[in-house]
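Undergrad: First the structure, then my questions, so here it is.
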Amino acid sequence: MTPVAKVEFFEFRGSLISFRRYGHGPMALLAFHGFGQSSDVYTQVGQTLRERFTVYALDLFYHGESSYADDHLITKSYWQGLVDAFLRTMAIDRFSVMGFSLGGRFALALAETLADRLDQLILIAPDGITRSPWYRLATSSAPGRWLFRFFLQHMTLLSSIGHGLTAVGLLHRTAMRFAENAMGTAEQRTQVYQSWTKFRLIRPDLNVVSQALDQHSVRVRVFTGYFDRIVPGTYAQPLLVRLRSYELTVQKAGHNRLVDQVGAILAERPL
């Protein structure tokens with residue numbers, strides 16, 4: 001079994017980011033996990049790339065051992081400043097970024113302002129390109145957020161509605177199972193609410209992102225799952241149609257297995 005790297009910490013404006021460092025290669029790769037995960041999801045990827053890259057897998061706020069010390073919403077400028085400070089501390093100039101699901105949104109936010117320092121952008125079933133109607137409903141307005149909190153406090157009612165939507169074909173059963181697994185405990189429901197609401201301003205500007213990636217000739221690699229019903233491959237299209245060049249790989253997999261499958265691909269076809 002591949003050993004999981006120890007947790008390290010980086011402080012920024014009173015908040016703490018926990019992270020794991022894999023490998024000892026000459027190139028730097030920042031990796032951001034999906035919702036409900038932590039930096040250890042990149043253990044296999046880090047092992048695969050250890051000779052060519054030093055992989056810094058960061059825990060997003062409300063995940064792992066990261067802690068956000070402010071009540072304000074997390075903005076793109078705050079996130080960009082945090083990562084820029086992290087890069088300075090680690091003496092990193094040029095780097096690549098990998099983001100899975102929710103982590104893809106944070107990776108794209110970096111591309112807006114740091115594309116001139118990016119070698120590669122690797123997106124795995126990336127969130128942040130197409131917003132789901134459920135996410136918009138739950139986070140875009142004060143009444144929506146109140147309703148979201150109400151349903152999280154009344155899970156029996158939410159589950160009944162979810163199964164009803166599944167029965168009439170408005171919600172895929174895979175997405176329903178994912179939601180039930182992600183909100184099974186009070187702690188998980190708090191994590192869902194905090195992540196969905198506090199991260200709602202992390203919305204990449206696709207025109208700015210695509211122009212920056214093209215201008216600086218950043219290699220863009222996108223991996224999607226053919227059976228993914230959480231972040232379907234079509235969700236990446238609004239970004240891809242704006243790019244001059246990209247590499248798209250569609251895996252015969254669902255959402256949760258994609259990171260490990262990409263790790264296996266990279267073992268055969270290194271970055």
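The values are calculated or read from the model by the stated rules, or taken from the named source; none is laboratory data. Everything quoted here is computed from the prediction, not taken from an experiment. FYI the Cβ positions are ideal-geometry reconstructions off the backbone, even for glycines, and counts take in every protein chain you see.
Undergrad: Only one residue in V231, V222, V262 is at pLDDT below 95, among the β-branched types (V, I, T) and not in a helix (DSSP H, G or I). Which one? Quick ask: steps written out before the conclusion?
TA: Details: V222 fails: at pLDDT below 95; V262 fails: not in a helix (DSSP H, G or I).
After ruling out the rest, the residue left standing is V231.
Undergrad: For segment 86-110, give me each residue that is aliphatic (A, V, I, L, M) and crowded, with 24+ Cβ neighbours inside 10 Å. First the steps, then the outcome.
TA: From segment 86-110, those aliphatic (A, V, I, L, M) are 87, 90-92, 97-98, 102, 107-110; that's our starting set.
Within segment 86-110, V97, M98, L102, A107, L108, A109, L110 meet the criteria.
Undergrad: Hey, G14 hits all of (1) in contact (Cβ under 8 Å) with a residue 12 or more places away in the chain; (2) touching a strand residue (DSSP E or B) at 6+ places or on another chain (Cβ under 9 Å) but one; which does it fall short on?
TA: Going through the list (1) in contact (Cβ under 8 Å) with a residue 12 or more places away in the chain; (2) touching a strand residue (DSSP E or B) at 6+ places or on another chain (Cβ under 9 Å), G14 breaks only (2).
Undergrad: Another question about this same structure. Output the qualifying pairs, or none if there are none: Cβ atoms under 6 angstrom, residues six or more apart or on different chains, first residue in segment 134-160 and at pLDDT 85 or above, second residue not in a helix (DSSP H, G or I).
TA: What qualifies is T139/R200.
Undergrad: It is to be established whether one or more residues within segment 163-185 are of a type outside the set (D, E, K, R), surrounded by 13 or more Cβ atoms within 10 Å (Cβ to Cβ) and closer than 30 Å to R244 by Cβ. Show your work before the answer.
TA: Start the filter on segment 163-185 by keeping residues that are of a type outside the set (D, E, K, R), which leaves 163-172, 174-176, 178-179, 181-185.
Then keep just the ones that are surrounded by 13 or more Cβ atoms within 10 Å (Cβ to Cβ); that gives 163, 165-166, 171-172, 174-176, 178-179, 182-183.
Next, from what is left, pick out any that are closer than 30 Å to R244 by Cβ: none.
No.
Undergrad: For residues that are at pLDDT below 90 and not in a loop (DSSP other than H, G, I, E, B), tally how many sit in segment 112-133.
TA: Of the residues in segment 112-133, the ones at pLDDT below 90 are 131-133.
Now narrow it down to the ones that are not in a loop (DSSP other than H, G, I, E, B): 133.
Residues meeting the conditions: 1.
Undergrad: How many residues are over 25 Å from S38 (Cβ atoms), assigned to a helix (DSSP H, G or I) and of a type in the set (A, V, I, L, M) when one looks only at segment 234-259?
TA: Count: 2.
Undergrad: Right, next: Scanning segment 14-39 for residues that are touching a Leu at 6+ places or on another chain (Cβ under 8 Å) and of a type outside the set (G, A, S), which turns out surrounded by the fewest Cβ atoms within 10 Å (Cβ to Cβ)?
TA: For segment 14-39, the residue satisfying everything is F35.
Undergrad: Okay, moving on. Looking at (1) part of a loop (DSSP other than H, G, I, E, B); (2) within 18 Å of the chain's Cα centre (by Cα), which one does S217 not meet, given that it meets all the others?
TA: Of (1) part of a loop (DSSP other than H, G, I, E, B); (2) within 18 Å of the chain's Cα centre (by Cα), only one is false for S217: (2).
Undergrad: Of the conditions (1) within 26 Å of W134 (Cβ to Cβ); (2) of a type in the set (G, A, S); (3) loosely packed, with under 14 Cβ neighbours inside 10 Å, A267 satisfies every one except a single condition; which number is it?
TA: Every listed condition holds for A267 apart from (1).
Undergrad: Keeping to segment 228-259, report how many residues are crowded, with 16+ Cβ neighbours inside 10 Å and within 25 Å of Q44 (Cα to Cα).
TA: Of the residues in that region, 15 qualify.
Undergrad: Being within 21 Å of the chain's Cα centre (by Cα) and either part of a helix (DSSP H, G or I) or without any contact (Cβ under 8 Å) to a residue 24 or more places away in the chain (or both): is that true of S210 here?
TA: Values: within 21 Å of the chain's Cα centre (by Cα): yes; either part of a helix (DSSP H, G or I) or without any contact (Cβ under 8 Å) to a residue 24 or more places away in the chain (or both): yes.
Yes; evaluated as a whole, the condition is true for this residue.
Undergrad: Here's something else I'd like to know. Does D59 satisfy the criteria of being touching a residue at least 40 places away in the same chain (Cβ under 8 Å), closer than 22 Å to R189 by Cα, of a type in the set (D, E) and in contact with a strand residue (DSSP E or B) (Cβ under 9 Å, 6 or more places away or on another chain)?
TA: Numbers: touching a residue at least 40 places away in the same chain (Cβ under 8 Å): yes; closer than 22 Å to R189 by Cα: yes; of a type in the set (D, E): yes; in contact with a strand residue (DSSP E or B) (Cβ under 9 Å, 6 or more places away or on another chain): yes.
Yes, satisfied.
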